[in-house]
Amino acid sequence: MTLWQAIVLGIIQGVTEFLPISSTAHLSIVPALFGWEDPGAAFTAVIQWGTLVAVLIYFRGDVFRILKAMWLGIWDGKPWNSNDARLGWMIGVGTLPVVLLGLLFHHAIETTLRSLYVISAAAIVLSLVLLAAELTARHMHAKPRMLGQLGWKDAIGVGLWQAVALVPGASRSGVTITGGLFLGMSRDTAARFSFLLSLPAVYGAGVHQLIKHRHELLASGQSTLNLVVCTLVSGVVGYLAIAFLVGYLKRHSTYVFIVYRLALGGVLLALLMAGVLPSQ
């Protein structure tokens, strides 16, 4: 990987991690189109730390308030005593499905499921599921719920949806927003909860992959520089992507992303069937 490629991949990661169009899909498709080496699941997991920091900075008020409420609740012996403390514990509970399933199926996630056929299928099928969630939200939920109104059922439900994002091409933000809409959340609340819910999972995945593959990721000064630069670029671009999406979803639906994912999956499938791209 050259430094230029690392910068390009960082931009792609930053943009696509939060928009519901799948960062993993784009980090697999772009190298395949240009004949670059697949950066791999480990590289992808570690550079997500950049977008993790972007979430922490953008939602720093929420994160500080939640952590403070959790600490005070534990100190007072009343861990669920406030909405913020409950939200923190709900994020923890909602993280369990992706952790357990990620550990259970880690080999398939890092190998077989990275097939571009799988990615194209996930992009198409889950965009249709998001469309169903949009239609459900429009016709069945007269008054969408906000962040302070969420409960344990919501945390577990969206947590299960987050586990679907283990399939490359699914999009973490896409499937968690889908889950939120099905559960009656407003679009911007679903996005906000999605981003907060991603914090423990993204951090844990990055730590696990960095420890497991440190000899490959940090094999030379150039590879270390590429990893650092890609992570920094993804963080800066990711912050801008969060700001855009939160503002956009307050006024618009996710239809533009649904159309994009359908087109992406269709074009990718056509290129695979024509032999223009290898499946892996």
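A straight Cα-to-Cα reach below 26 Å connects residue 153 with the lysines 68, 78, 143, 250, residues fewer than 8 places away in its own chain not being considered.
In the range 119-214, taking the dipole from charged Cβ atoms about the Cα centre, the farthest positive-side position among 135, 204, 179 is held by 204.
For the chain, the longest principal axis of the Cα atoms and the long axis of helix 116-140 meet at an angle of about 30 degrees. Note on residue 240 and residue 121: their simple-model spin labels are 3.6 nm apart, each label 7 Å out from Cα toward Cβ.
Here the spin labels are modelled as points 7 Å beyond Cα on the Cα-Cβ line, and at residue 11 and residue 270 they lie 2.5 nm apart.
Between the C-alpha center of the range 60-91 and that of the range 184-209 there is a gap of 17 Å. If the chain linking residue 207 and residue 156 were pulled fully straight, counting 0.36 nm for each residue of separation and taking away their Cα-Cα distance, it would gain 16.0 nm.
Quote the relative contact order of the chain in percent (integer), defining contacts as alpha-carbon pairs under 8 Å separated by 6+ residues. Write out the running numbers ahead of the final one.
Numbers: 421 pairs, mean separation 103.2, N = 280.
Relative contact order comes out at 37 percent.
Extension gain, residue 251-residue 64: 0.36 nm per intervening residue step, less the Cα-Cα distance, totals 64.6 nm.
Considering only the Cα atoms of the range 201-255, their convex hull presents on average a projected area of 5.2 nm². Rg and Dmax over the alpha-carbon atoms of the range 8-159 stand at 18.6, 58 Å. Take 118-129, 42-53 and order them by the average number of nearby Cβ atoms within 10 Å per residue, most first; the result is 42-53, 118-129. Of the peptides 6-17, 258-269, 84-95, the ranking by mean beta-carbon count within 10 Å, highest at the top, reads 6-17, 84-95, 258-269.
Taking only the C-alpha atoms of the range 3-76, Rg followed by Dmax gives 16.7, 58 Å. Taking a quarter of the surface of the convex hull around the Cα atoms of the range 77-216, what do you get in nm²? It is 9.6 nm². Any chance you could give the angle, 0 to 90 degrees and rounded to 10, that helix 40-58 forms with the longest Cα principal axis of the chain? Its long axis makes an angle of about 40 degrees.
Normalising by residue count, the range 143-280 has a Cα convex hull of 144 Å³ per residue.
Values quoted throughout were computed directly from the atomic coordinates according to the rules given, and no laboratory measurement underlies them. None of the values given here were measured: they were computed from a predicted structure. Neighbour counts are summed over all protein chains in view; Cβ atoms, including those assigned to glycine, are modelled from backbone coordinates with ideal geometry.
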